[in-house]
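No lab work stands behind these numbers, since they all come straight from the coordinates. The shown structure was predicted, so the numbers you read here are calculated from the model rather than taken from an experiment. Note that we place each Cβ from the backbone using ideal geometry, even for glycine, and neighbour counts take in every protein chain shown.
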Amino acid sequence: MSDARSPAVSWNLVADLQEIWSYPSMVNAFRAGLVVAVVCAAVGWFMVLRRQSFAGHTLSVAAFPGASLAVLAGFSSTLGYFGFCVAAALVIAAVRGGGGAQESALTGTVQAFALACGYLFISLYKGLLEGPTALLFGDFLGITGTQVAVLAAVGALVLAVLAVIGRPLLLASLDPQVAAARGVPVRLLGTAFLVLLGTATAEASQITGTLLVFALLVIPAATAGRLTARPGPSLLLAALLGLGACWGGLIAAYYLPYPLGFFVTGFAFAGLVLAQLYRQAVEALGRRRAPLAIGAAA
């Protein structure tokens with residue numbers, strides 16, 4: 001991708017895709033985007049349902065000191081992402097349970113400490129200045145074939161565990177008291193889900209960076225929830241929306257000289273806005289038809 005000429009969009013979509021996929025780095029980026037979009041959609045859907053977006057944001061912040069410590073120590077940043085995110089998930093699971101303001105304050109404390117550690121590790125790092133930018137905002141084009149294989153293996157494990165605990169987790173998310181009365185281990189499920197959330201966050205952080213991880217964790221799930229309330233279709237729709245944002249962002253960033261994270265987040269946000277407008281239009285149409293139906297019945 002170091003050609004002197006700038007790539008330009010043509011009317012031949014197949015030829016354009018063949019040109020994009022002629023670069024191994026872009027192929028790895030599309031593969032990684034597929035894995036991360038599906039995993040984040042599944043985990044993010046439960047995160048939105050359980051109202052744990054703040055915990056998800058805290059885990060994304062924890063990815064920053066994990067990766068920066070890995071860079072400082074000279075070992076794989078992937079290990080730093082997963083290690084710190086899972087550790088932070090276990091800490092949040094240990095301190096949660098007070099509910100309300102107390103739980104939010106404890107989660108915020110973990111977030112602040114993680115951010116401070118990340119800043120310390122970056123201050124101690126004497127390498128290239130581009131390092132912190134890549135950690136914060138991600139870099140699809142830096143994904144290697146080995147990293148794609150690791151992301152696929154971890155993603156398959158996350159989806160398998162989520163498939164096993166999905167039904168009791170759904171019940172525990174909707175009504176914890178009823179779930180506990182039926183013998184569902186609510187607290188254990190909550191801890192397991194936080195670990196899955198930390199793992200998914202670590203995956204997404206390697207693609208979008210720690211600051212834009214919500215583009216794949218929250219926005220597709222929130223968009224799908226505005227279009228349908230049925231769990232199955234909503235999960236599938238969230239995965240498709242996340243995949244569209246990832247791949248659309250990659251294609252746009254290939255042709256335009258702007259950050260990839262902006263395109264991924266922008267496409268996801270545009271989908272949310274359109275879904276909200278569609279929902280408002282449907283509700284307005286329903287309110288207009290209601291008086292007409294009443295009048296016809298009378």
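Under 1.5 on a/c is rounded, so check that first for the stretch 176-291, then, if it is not, pick prolate when a/b is larger than b/c and oblate when it is not; a ≥ b ≥ c are the square roots of the alpha carbon gyration tensor eigenvalues.
oblate
Where does the charge balance sit around residue 238 when Lys and Arg score +1, Asp and Glu -1, over other residues with C-beta under 14 Å from its C-beta?
Its environment carries a net charge of +2.
Using the Karplus curve 6.51 cos²θ - 1.76 cosθ + 1.60 with θ = phi - 60°, work out ³J(HN,Hα) for each residue of the stretch 269-285 in order, rounded to whole Hz, and write x for Gly and Pro.
For the stretch 269-285, the Karplus-derived couplings read 5, 4, x, 5, 4, 5, 5, 5, 5, 5, 5, 5, 5, 5, 5, 5, 5 Hz, x marking Gly and Pro.
What ³J(HN,Hα) values, in whole Hz, does the Karplus curve 6.51 cos²θ - 1.76 cosθ + 1.60 give for the stretch 174-179 when θ = phi - 60°, with x put for Gly and Pro?
Values, residue by residue: 7, 8, x, 5, 5, 4 Hz.
Distance from the Cα centre of the stretch 12-78 to that of the stretch 222-255, in angstrom?
14
What list of ³J(HN,Hα) values in whole Hz, one per residue of the stretch 196-208 in order, does the Karplus curve 6.51 cos²θ - 1.76 cosθ + 1.60 (θ = phi - 60°) give from phi, with Gly and Pro shown as x?
With the stated coefficients, the stretch 196-208 comes to 5, 5, x, 5, 5, 5, 4, 5, 5, 5, 6, 9, 8 Hz.
Considering amide H positions built from the backbone, and no H for Pro or chain starts, which residues 5 or more places from residue 209, or on another chain, come under 5 Å of its amide H?
138, 139
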